[in-house]
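Please read the structure below before turning to the comments.
The values are calculated or read from the model by the stated rules, or taken from the named source; none is laboratory data. Being a predicted model, the structure only gives us computed values, none of them experimental. Because the Cβ atoms are built from the backbone with ideal geometry, glycine has one as well, and the counts that use them run over all protein chains shown. Side chains are part of the model used for accessible areas, which takes the heavy atoms of the whole protein and leaves out ligands, DNA and RNA. Shrake-Rupley method; radii C 1.70, N 1.55, O 1.52, S 1.80 Å.
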Amino acid sequence: MSETSCHEELRWEKRLTICCTAGNVPETHRPQTPRMTSIGGGPTLTGYTVVVTDSSLQHVAALLRQHGAVIVDLPVLRTVPGYRDARLRIATRRLIQAPVDHVLATTAAGWTRWLSAAAAWGLADPLRSGLSSASILSMNESVSASLVETGFTHDWVSSTGDLGEAVTWLLGRDPVSRRVAVTTDEALPARSIDRLRTHGIEVLVVPTRGSARPVGLAPLNRLAQMVIQREVHAVTFATAAGASALVDFTSRAGRGYLLLRALTTDVAVATTHAESASFFRSRDIPVSWAADGSPGELARRLVEVLVARRRQFQARGHRFTVQGNAVMVNGTTIRLGSRPATVMRSLADYPGHTLSRSIIERFVPMSHRAGSFGADQAVWRLRAELGDYGWLVATEIGRGYRLIVD
């Protein structure tokens, strides 16, 4: 399937209309609930599993664990230490030899990595001297804090975290700068750089993070499998490079559409800043990021996204909460397998409405070996795992299945 037809199919799926015996379901793939930040007095992310794909996101992982999430550490890229990055060393020497008018610092980790590498090369003092005459622009409050910690001050802070805002600010200076350095943890948007260069500004790109795919493709294959099978409910990326590697890998394996469908509909995506988020936005994949670049803000946004995906309803006098792979009822948490949990979430999205077997199969990843009975098998497994609450899933003979609700 081509990338164009893949996106068209995803857009169609999100507009899916389901005709049900109990009435018509609104024309959205999944109904939305108001955003919330907590669930009673218990852990907000019980039942949710989040994949962390970069070692730099460990603080985010720790915060999510505090909310009750299960964390899977699965780095998909190997980071080259700054002091071993030849490109960073070349850029550093160029700046020392020809100081710039402005420095645009995009990430806190990148700025710290750059200064640490310069110290390892014995270039710390020459670099600080080269930066002393430059105005420093900060992309967020996290970067500003790193500047202060390393003995620098900023002359401007972005309010949006968008590189385009910084470029507009630079072009509005009088006189316009002649030479600008931009630190970056990944590829910069060509449009922003071209805007500077078309005004005669020389742009020095300082690559503050060197990454490469890990030896072997096992981590990418495992991550793709977990996302496609809905074994996880969110994935966090530090840069777009990790996401690009995942998409490329699944596309070559003929599973690109399945991956994009999961990320578009069921598996939440979060990344560290606006520039890496652009990779997902360009593919119509919902993505969250931290405007201030801080781990705390990223974790908070992801908590909000996941908690908003929970579903609550009443049945036979019991209050049920469905989130991730868990069903909570009467103070008890029932853990479900990934496939039964996906069936449960699909039914909970339309409580009281009958979903046909074909609709359930569209929502739930099925094994080719399941054949035409895949939906039935998934529902049977769900009832078994619900135990005493198996009655919750009713069979509508000849039509499909629905949740019993008050």
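Computed from phi, the 3J(HN,Hα) profile of the stretch 220-237 under the Karplus parametrisation 6.51, -1.76, 1.60 (θ = phi - 60°) reads 5, 5, 5, 5, 4, 5, 5, 5, 4, 7, 6, 7, 10, 10, 7, 9, 10, 10 Hz, with x in place of Gly and Pro. Could you tell me which of rounded, prolate or oblate describes the stretch 227-377, using a ≥ b ≥ c as the square roots of the eigenvalues of the alpha-carbon gyration tensor, with rounded for a/c under 1.5 and, failing that, prolate when a/b is larger than b/c and oblate otherwise? Oblate shape, in that a/c is at least 1.5 and b/c is the bigger or equal ratio. Taking all protein chains as they are arranged and a probe of 1.4 Å, the heavy atoms of ILE359 leave approximately 30 Å² accessible to solvent. The amide H of GLU396, built 1.01 Å from its N in the peptide plane, has TYR401, ARG402 as neighbours under 5 Å, considering only residues 5 or more places off or on other chains. In order along the stretch 331-342, phi translates into HN-Hα couplings of x, 10, 9, 9, 8, 10, x, 4, 6, x, 5, 5 Hz, rounded to whole numbers, per the Karplus curve 6.51 cos²θ - 1.76 cosθ + 1.60 with θ = phi - 60° and x for Gly and Pro. Could you tell me what percent of the DSSP beta bridges with both partners in the chain are antiparallel, to the nearest 5? If we restrict to bridges inside the chain, about 45 percent are antiparallel.
Within the accessible area of the chain, the carbon and sulfur atoms contribute 51%, probe 1.4 Å, all protein chains present. Rolling a 1.4 Å probe over the protein chains gives SER192 an accessible area of about 20 Å².
Checking every one of the chymotrypsin sites (Phe, Trp or Tyr not before Pro) in the stretch 248-348 against DSSP loop status and a limit of 13 other Cβ atoms within 10 Å picks out no site at all.
Once the Cβ-Cβ distance of VAL205 and ARG319 is raised to the sixth power relative to R0 = 60 Å, the FRET efficiency obtained is 0.65.
The 3J(HN,Hα) values that the Karplus relation (6.51, -1.76, 1.60; θ = phi - 60°) gives for the stretch 267-283 are, in residue order, 9, 6, 10, 9, 9, 7, 8, 5, 5, 6, 5, 4, 4, 7, 4, 5, 10 Hz. Gly and Pro appear as x. For ALA234, nonlocal amide neighbours, meaning residues 5 or more places apart or on other chains whose placed amide H falls under 5 Å from its own, are THR49, VAL51, ALA268. Given axes a ≥ b ≥ c from the Cα gyration tensor, I'd like to know whether the stretch 332-406 is rounded (a/c under 1.5), prolate (a/b larger than b/c) or oblate. Oblate is the answer for the stretch 332-406, as a/c is 1.5 or above yet b/c matches or exceeds a/b.
Within the shell defined by Cβ-Cβ distances under 12 Å, the residues around GLY324 carry a net charge of +4, with Lys and Arg each +1 and Asp and Glu each -1.
Let me know the shape class of the stretch 228-275, please: from the alpha-carbon gyration tensor, a ≥ b ≥ c as square roots of the eigenvalues, rounded when a/c is under 1.5, otherwise prolate if a/b is greater than b/c, or oblate. Oblate, since a/c reaches 1.5 and b/c is not below a/b.
What's the magnitude of the charge dipole for the stretch 272-406 around its Cα centre, counting Lys and Arg as +1 and Asp and Glu as -1 at the beta-carbon? Answer in Debye, nearest 20.
Result for the stretch 272-406 is approximately 280 debye, rounded to the nearest 20.
Taking 0.36 nm per residue of separation and subtracting the Cα-Cα distance, full extension of the segment from GLN229 to ASP376 would add 51.2 nm. Between SER282 and VAL405, how high is the FRET efficiency from 1/(1 + (r/R0)^6) when r is the Cβ-Cβ distance and R₀ = 25 Å? Nearest 0.05. Once the sixth-power term is evaluated, E becomes 0.05. Close amide-amide hydrogen proximity is noted between GLY68 and LEU45, each under 5 Å apart and 5 or more residues distant or on a separate chain (H modeled in the peptide plane; Pro and chain starts excluded). Placing +1 on each Lys and Arg Cβ and -1 on each Asp and Glu Cβ, with no other charges, gives the chain a dipole about its Cα centre of roughly 840 debye.
Each stretch of four or more DSSP H residues adds -39500 (n - 2.57); spread over every residue of the chain, this sum gives -12500 deg cm²/dmol at 222 nm. Per residue, the stretch 96-190 exposes an accessible area of 42 Å² to a 1.4 Å probe, with every protein chain left in place.
Between ALA218 and ALA119, the FRET efficiency estimated from the beta carbon spacing at R0 = 41 angstrom works out to 0.70.
Sequence-distant contacts, meaning Cα pairs under 8 Å at least 6 residues apart, place the relative contact order of the chain at 17 percent.
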